[in-house]
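Worksheet: one structure, shown below.
The values are calculated or read from the model by the stated rules, or taken from the named source; none is laboratory data. Not measured: the values here are computed from a predicted model. Quick reminder, even Gly has a Cβ in these numbers, built from the backbone with ideal geometry, and neighbours come from all protein chains shown.
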Amino acid sequence: MKRLRDFFQKESCQSADIARERLKVMISQDRMQRNQPDFLPRLQSELVEVIRRYTQSEQDDIQISYHCLPQRSQIELNVSWPRNLP
Amino acid sequence: MARVVVVTSGKGGVGKTTSCASIGTALAMQGHRTVLIDFDVGLRNLDLVMGCERRVVYDLINVTTGEAKLSQALIKDKRLDGLFMLPASQTRDKDALTYEGVGEVIETLKEEFDFIICDSPAGIERGAVMAMYYADEAIVVTNPEVSSVRDSDRIIGLLDSKTRKAEEGESVRSHLLITRYDPERVEHADMMSVQDIEEILAIPVVGVIPESPAVLRASNQGVPVVHDSDSDAGQAYSDTVARFLGEELPMRFTELERKGLFSRMFGGRR
Ligand SMILES: Nc1ncnc2c1ncn2[C@@H]1O[C@H](COP(=O)(O)OP(=O)(O)OP(=O)(O)O)[C@@H](O)[C@H]1O
Ligand SMILES: [Mg+2]
């Protein structure tokens, strides 16, 4: 019965499915932010500023990710910059 | 041991006060001494749903500031023995409630009651945190709607971090109550299902209350809908409380009633 209806409804959008998918994305972002310390955004922007003082990194060349481990917190910093070839 | 239960949601207007009134009433019907506390400072709704608005003299803030004794502020339900409510203040500023003041009131109530049910204001700010702070358990009220589910997840985050239990390294036992559920719209894939919501929020469902005209009828009369034992919503609330007390019951009113051809042709709308 449900199959049959699904078949006929293929074209019309299944709005509950869209709602569910949107929620999953939103909530996983919310949960990530929830665990972050309040100072993280400031720390990030200061780190970027300092790094760019020394390298020619673009904003996208600097990746900072925050991890919440069972006993401690961790940030991972990935920086790259263009090499001046001789 | 008294159990302190917060009824909370994040999003406003999802049915916290309606649920508080019916859950408290059903607990008292089963002989549990129950008190309902309205934490919605400034709005004060629970007394209306309980039908005791004309008997409000003192409120929670009067008690915390010592202007009134707890016994003066508690309003006894006119239908059930062992059911009381403590109204919210209508006028004062929201910061008039303090954690110490609320803590003292709850400690005193614990000596007298089996259940202390806290009706939280909407939002994720101070008022909502105050209402949940002393809770042992939470009933998270959610509608099958994106914004409501998202806010419930935020509230679950607060329950995990901003309560006394959390500070002591324990956790607030949380139950999911889905209200205003419409099986017909779920069937047509216009509304998320109980399973969808339970999977996203990852806390166990204690009840599902259908969208029902009986709720408005009940609140018009100031009689909690659980008294209307012929109504779907009333029965769904009694089931909810039975589950909350540990009984195992299947969910009702979550599936679309399949009408036979005959009733579809000849049956009028209910
Ligand atoms: N199952 C239901 N079926 C139909 N209407 C409902 C149902 N549950 C609640 N309502 C209606 O929704 C409205 C909001 O309910 P209620 O006041 O209980 O929500 P609330 O979460 O306490 O709101 P607030 O956040 O403002 O405190 C009311 O008009 C109520 O009658
Ligand atoms: Mg309310």
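Key figures for this structure:
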read-out	value
Some residue of region B:154-169 being within 14 Å of chain A (Cβ to nearest Cβ), within 16 Å of ligand 2 (Cβ to nearest atom) and touching a residue at least 24 places away in the same chain (Cβ under 8 Å)	yes
Odd one out for B:GLN221, checked against (1) more than 13 Å from chain A (Cβ to nearest Cβ); (2) under 17 Å from B:LEU177 (Cβ atoms); (3) more than 16 Å from ligand 2 (Cβ to nearest atom)	(2)
Positions within region B:135-152 being at the interface with chain A (Cβ under 9 Å from one of its Cβ atoms) and under 22 Å from B:ARG243 (Cβ atoms), in sequence order	B:PRO144, B:VAL149
Matching residues, region B:212-222, being buried (at least 19 other Cβ atoms within 10 Å of the Cβ) and part of a loop (DSSP other than H, G, I, E, B)	B:SER212
Some residue of region B:46-55 being more than 23 Å from B:LEU201 (Cβ to Cβ), assigned to a helix (DSSP H, G or I) and more than 20 Å from the chain's Cα centre (by Cα)	yes
Residue among B:GLU67, B:GLU104 that is exposed (fewer than 14 other Cβ atoms within 10 Å of the Cβ) and away from ligand 1 (no atom under 16 Å from the Cβ)	B:GLU67
Residue satisfying all of: in region B:116-127; over 13 Å from the mean Cα position of the chain (by Cα) and away from every other protein chain (no Cβ under 12 Å); nearest to ligand 1 (Cβ to nearest atom) among these	B:GLY123
Residue match in region B:78-89 (condition: among the polar types (S, T, N, Q) and over 23 Å from B:PRO224 (Cβ atoms))	no
Residue tally, condition touching a helix residue (DSSP H, G or I) at 6+ places or on another chain (Cβ under 7 Å) and either facing chain A (nearest Cβ under 10 Å) or closer than 23 Å to B:TYR99 by Cβ (or both), over region B:170-185	3
Residue check, B:GLY103 closer than 19 Å to B:THR8 by Cα and of a type outside the set (Val, Ile, Thr)	yes
Of all residues in region B:1-18 being among the aliphatic types (A, V, I, L, M) and assigned to a loop (DSSP other than H, G, I, E, B), the one that is farthest from the chain's Cα centre (by Cα)	B:MET1
Filter pass, B:LYS16 being surrounded by fewer than 24 Cβ atoms within 10 Å (Cβ to Cβ) and within 11 Å of ligand 1 (Cβ to nearest atom)	no
Subset of region B:117-129 (residues that are closer than 12 Å to B:ASP38 by Cβ and of a type outside the set (Ser, Thr, Tyr))	B:ILE117, B:CYS118, B:ASP119, B:PRO121, B:GLY127
Residue within region A:67-74 that is in a strand (DSSP E or B), among the small types (Gly, Ala, Ser) and more than 13 Å from the chain's Cα centre (by Cα) present	yes
Some residue of region A:3-15 being facing chain B (nearest Cβ under 10 Å), out of contact with any Leu (no Cβ under 6 Å at 6 or more places or on another chain) and modelled with pLDDT of 90 or more	yes
B:GLY42 vs. criteria on the phi > 0 side of the Ramachandran plot, away from chain A (no Cβ under 14 Å) and more than 16 Å from ligand 1 (Cβ to nearest atom)	no
